[in-house]
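For reference, the structure discussed in these notes is given below.
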6 protein chains.
Amino acid sequence: MIYIQRREKFCAAHKLWNEKWDAETNVKIFGKCSNPNYHGHNFDLLVTVKGEIDPETGFVMNLFELKKILKANIIDKIDHKNLNLDVDFMAGKLTSSENLAVAIWDILAPIIKSKNAILHCVRLAETDNNIIEYYG
Amino acid sequence: MIYIQRREKFCAAHKLWNEKWDAETNVKIFGKCSNPNYHGHNFDLLVTVKGEIDPETGFVMNLFELKKILKANIIDKIDHKNLNLDVDFMAGKLTSSENLAVAIWDILAPIIKSKNAILHCVRLAETDNNIIEYYG
Amino acid sequence: MIYIQRREKFCAAHKLWNEKWDAETNVKIFGKCSNPNYHGHNFDLLVTVKGEIDPETGFVMNLFELKKILKANIIDKIDHKNLNLDVDFMAGKLTSSENLAVAIWDILAPIIKSKNAILHCVRLAETDNNIIEYYG
Amino acid sequence: MIYIQRREKFCAAHKLWNEKWDAETNVKIFGKCSNPNYHGHNFDLLVTVKGEIDPETGFVMNLFELKKILKANIIDKIDHKNLNLDVDFMAGKLTSSENLAVAIWDILAPIIKSKNAILHCVRLAETDNNIIEYYG
Amino acid sequence: MIYIQRREKFCAAHKLWNEKWDAETNVKIFGKCSNPNYHGHNFDLLVTVKGEIDPETGFVMNLFELKKILKANIIDKIDHKNLNLDVDFMAGKLTSSENLAVAIWDILAPIIKSKNAILHCVRLAETDNNIIEYYG
Amino acid sequence: MIYIQRREKFCAAHKLWNEKWDAETNVKIFGKCSNPNYHGHNFDLLVTVKGEIDPETGFVMNLFELKKILKANIIDKIDHKNLNLDVDFMAGKLTSSENLAVAIWDILAPIIKSKNAILHCVRLAETDNNIIEYYG
């Protein structure tokens, strides 16, 4: 069993806002992340897939194929978008990095499985200092 | 003459949109940066100040003081904000990194001068790959 | 279960020196790290906490709160300090990164537990090339 | 049990090419990595070793010793080399990062064991975006 | 006048070898960079262009256009190539980073000029530690 | 004329302290950098040399030779040292990065000149956020 990782970056706007709370509570809990007009990040996404090495290719899975899967299913839907307004798979959800990482996992896990490999980790960094890891 | 540099980071949303153009032209010129609901970045700001070394302190200018100047005059106004909607000194301007770098220069130059040093460069990176430098 | 990580940096002096050995043995074992007048590093601390996502906030634990815990209990005590002379929780210990990582774990684990989350890993990098990870 | 990591970098040429396939198939599977005249990378190798802290030294294993082991057994054999032509332990193998990581593991595991520690992970990055991890 | 920078990366093989010298002299002067079977790097190219800001776009030059120019004229010709064997504009030249930076300048300067901007600097890093800058 | 840069890193302890002032003034001016027992940094030194390309080698100056000059004259004297106590060329000086950059320049300029090249810049970063550049 070996692990391969592919990094992709995307630039998106979002805000943390719970519709069930009043503005004061949102500011108290989410601080500057609750700015009504949004803020944004260069998000850094690192996806880990595990499997056995195919002796014909020396690969678990072709990283070019993994790159294409990430582009078509994740990056094209969130890059240069507003996570609160533009992204179907985040509709109705708080756009915390935790929730985004879980949503990305839920999309990728069956696709990776159909390629005879196993999704192991979705790591999402909002900044160099704030990072989420989800293992399913 | 010696040069000192202070780096600060801020997270902001923006979009590139020229109000004088129709939507089609905006998309044609600005591509995915024209997304109506905004996108965002972790901007990286590097400010260079030059002057002579004070023999009493070994400093051109105390970097803690420079940090405070940047925080009060720039970072507190743009961090976790929307550059198109929330920032007084960008009102009515295209929020390209070029225009933002010039606006930051115009605010900082007189303040640095009042501290007996000279603003030399404002460097602003939207991503690791897209960077602006302005020398006045 | 999801994992969140917060990175903090601190600048400290230290030396590796075993009081039970003579100078020659210290130099032989610890090399240039045994310099009697100390050397120093920009240490990079990455703390991982795990727990379940609170549906109200989208958070395992508010990263601002984790940042405050790290500042009050760790960073304020070691930043711009001498690890051999100034830090109560390293008193009488060899100031290797291994021992420092364990000491940080011992301080943080009960605090994180009191917030209904679980400390998962303390990662401490002296340089980009020399890194310690401790999982309790 | 604590984990220590040592990073080393090396610059090498390689190409992905399966001798059992014709040129067309190699290009189809390996894309630009199949360029017959080779391409190259600044590879980034991060080796993780685990063990207990020796109370006399504060170390699991002296990182200077680990550095020497890596230099003599790995880096001196692959730095500024052609992985397909110059490296005895890759002879007859596809020079994918997966296969290289496994080969490095097979060399290091018994050496680390002879030092009373345990090899935990070999992490090899071809670029910032393409990374392999092998845990034996 | 404002400066814009675009970063591109490419992975290439090369060797330093002067055909007029015997092998011994090549090894003496170029050290491990003279390995006959090549080595390689992840090169980091940073191109600086200067000009005035167009008030309609807020740009000196559209960075997407600069990216396309770099891709078509430089990156597509050197990425995943052997600089000694595969690159027409390096034919017959020593493939030092100095010579490569000058060759890139000579290709880009007239193209940038035709876009009403001025090429200011070609910066080429072989590794984080070895960097070349050329200003024409 | 072309510019070459060599990066070296060193780990050192220091404190900012003006012997002519009382403790209170030192703390007021230098803040946490005045800690009597020192603190430390991973300093990042980037030296720029300019000259013409030698057509025989493709080099301004062999970077291996520049590396050796830096090691023998600078790095071996300051790495894993205390800048206030252990470094002859900083004796009696405030150990600000400004003063250290100037001292490094004064040592390197004549050596580089004797190699038929010209020292252009000494850049010294205490942290990623605080950087000094000196051009003589």
Of D:Phe43, D:Phe59, the only residue that is of a type outside the set (Gly, Ala, Ser) and under 17 Å from D:Arg123 (Cβ atoms) is D:Phe43
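Using the structure shown, decide if A:Asp76 is surrounded by fewer than 18 Cβ atoms within 10 Å (Cβ to Cβ), closer than 30 Å to D:Leu124 by Cβ and of a type in the set (Asp, Glu). Before you say what the answer is, go through the steps one by one.
Numbers: surrounded by fewer than 18 Cβ atoms within 10 Å (Cβ to Cβ): yes; closer than 30 Å to D:Leu124 by Cβ: yes; of a type in the set (Asp, Glu): yes.
It is true that A:Asp76 is surrounded by fewer than 18 Cβ atoms within 10 Å (Cβ to Cβ), closer than 30 Å to D:Leu124 by Cβ and of a type in the set (Asp, Glu).
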The correct count of residues that are buried (at least 16 other Cβ atoms within 10 Å of the Cβ) and in a loop (DSSP other than H, G, I, E, B) in the stretch A:6-25 is 5
Tell me which of these A:Trp21 doesn't satisfy, since it passes every other one: (1) over 30 Å from D:Tyr135 (Cα atoms); (2) hydrophobic (A, V, I, L, M, F, W, C); (3) within 14 Å of chain B (Cβ to nearest Cβ).
-> (3)
Is it the case that the stretch D:128-136 has a residue that's of a type outside the set (Asp, Glu), surrounded by fewer than 22 Cβ atoms within 10 Å (Cβ to Cβ) and assigned to a helix (DSSP H, G or I)?
-> no
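Run down A:Gly51, A:Gly31 and say which single residue is of a type outside the set (A, V, I, L, M, F, W, C) and either in contact with a helix residue (DSSP H, G or I) (Cβ under 8 Å, 6 or more places away or on another chain) or farther than 30 Å from D:Ser97 by Cα (or both). Break it down stepwise before answering.
On the way: A:Gly51 fails: either in contact with a helix residue (DSSP H, G or I) (Cβ under 8 Å, 6 or more places away or on another chain) or farther than 30 Å from D:Ser97 by Cα (or both).
The match here is A:Gly31.
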Yes or no: A:Lys93 surrounded by fewer than 17 Cβ atoms within 10 Å (Cβ to Cβ), charged (D, E, K, R) and within 23 Å of D:Phe30 (Cα to Cα)?
-> no
Limited to the stretch E:82-135, what total is found for residues that are in contact with a strand residue (DSSP E or B) (Cβ under 7 Å, 6 or more places away or on another chain) and closer than 26 Å to F:Leu119 by Cβ?
-> 25
Look at E:Thr48 and say whether it is crowded, with 16+ Cβ neighbours inside 10 Å, hydroxyl-bearing (Ser, Thr, Tyr) and farther than 21 Å from F:Asp54 by Cβ.
-> yes
Out of (1) among the aromatic types (Phe, Trp, Tyr); (2) part of a loop (DSSP other than H, G, I, E, B); (3) within 14 Å of chain F (Cβ to nearest Cβ), the odd one out for C:Phe43 is which?
-> (2)
Taking C:Asn35 as meeting all but one of (1) buried (at least 17 other Cβ atoms within 10 Å of the Cβ); (2) within 25 Å of D:Lys67 (Cβ to Cβ); (3) away from chain F (no Cβ under 13 Å); (4) of a type in the set (S, T, N, Q), write down the number of the exception.
-> (3)
How many residues are closer than 20 Å to E:Lys113 by Cα, of a type outside the set (A, V, I, L, M, F, W, C) and in contact with a His (Cβ under 7 Å, 6 or more places away or on another chain) if we restrict to the stretch E:6-56?
-> 2
When (1) surrounded by 17 or more Cβ atoms within 10 Å (Cβ to Cβ); (2) over 15 Å from C:Ala125 (Cα atoms) are applied to C:Ala101, the one that fails is (2)
Quick check, is D:Leu94 in contact (Cβ under 8 Å) with a residue 40 or more places away in the chain, farther than 22 Å from D:Lys9 by Cβ and within 14 Å of chain A (Cβ to nearest Cβ)?
-> yes
Among (1) aromatic (Phe, Trp, Tyr); (2) more than 30 Å from F:Lys9 (Cβ to Cβ); (3) in contact (Cβ under 8 Å) with a residue 24 or more places away in the chain, which single condition is E:Tyr38 missing?
-> (2)
Candidate set from the stretch B:46-83 (those that are more than 10 Å from chain F (Cβ to nearest Cβ) and free of Cβ contacts under 8 Å to residues at least 12 places away in the same chain); member that is farthest from B:Ile4 (Cα to Cα) | B:Asp76
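None of the figures in this text is laboratory data; all of them are computed from the coordinates on show. Everything numeric here is computed off the predicted structure, so don't read it as measured data. Cβ atoms come from the backbone with ideal geometry, glycine included; neighbour counts cover every protein chain shown.
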